[in-house]
Structure formats: C-alpha cells, structure tokens
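The values are calculated or read from the model by the stated rules, or taken from the named source; none is laboratory data. Fair warning: this is a prediction, and the values are worked out from it, not measured in the lab. When we count neighbours, we look across all protein chains shown, and the Cβ atoms used for this are built from the backbone with ideal geometry, even at glycine. Heavy atoms of the whole protein, side chains included, go into the accessibility calculation; ligands, DNA and RNA do not. Shrake-Rupley method; radii C 1.70, N 1.55, O 1.52, S 1.80 Å.
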Amino acid sequence: SIIFDSIVKQEFADIVHNLGLSFPPLRDKLTQLLKWHYWPVRARAAEALGKLRRNISDEAIKQLLEMRHNPHECRVVQEAADDALSEILSLESIEDD
C-alpha cells in the first residue's frame, strides 16, 4: 500500500541519516525520495542529504532549491531543504578555499 511504502521510504532515509552512509546508490535513492508524495519522506531525505554533505548531485541540489522556494510545499519540508542546502553549500565553499 502507499502508506506502507511511505513508512519504508521514511525509515530508509532515517537509517541513511543516522548512520551517515554515503554511497552513490544511497545518495541517488535519497535524491529520488525528494519527489515522494508524502511530505515526511521528502523532509527526511533532505535532512539525510544535508548530513551527508559530500558528493551531492547537482540534481539533488536543484530539487532542494525547488523544495525550498515552492510556495505549495509544507513549511517543514521547506526548512529541511533550506538546512540541507546550507550544509551542502557551506561545505563546497570551504573545500573551494
């Protein structure tokens, strides 16, 4: 069912977030979850990408920017996207120095 799928996807994002697992297939899956219909999944995927910080794809960054500025997105998701972008982009500026 859709509800069960959402719970599984949210748990996946929680595990990646809590363990800090940063493998390309996991980052790709988190990027896909940024478009999931259930907002807690989108928020948790954004939080996980923010924690990983490194090697985040341009596609994920673009999606986070869209989530952050989307007036139809819930506030929790907008804030999670904003926090993730702060983490990811601040790391990039440090590495560029």
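Residues that are of a type in the set (D, E, K, R) and surrounded by 13 or more Cβ atoms within 10 Å (Cβ to Cβ) do occur in segment 29-40, at least one of them.
Against the definition (open to solvent by 20 Å² or more (accessible area, probe 1.4 Å), farther than 13 Å from Gln10 by Cβ, at pLDDT 95 or above and aliphatic (A, V, I, L, M)), how does Leu49 come out, yes or no? No, not satisfied.
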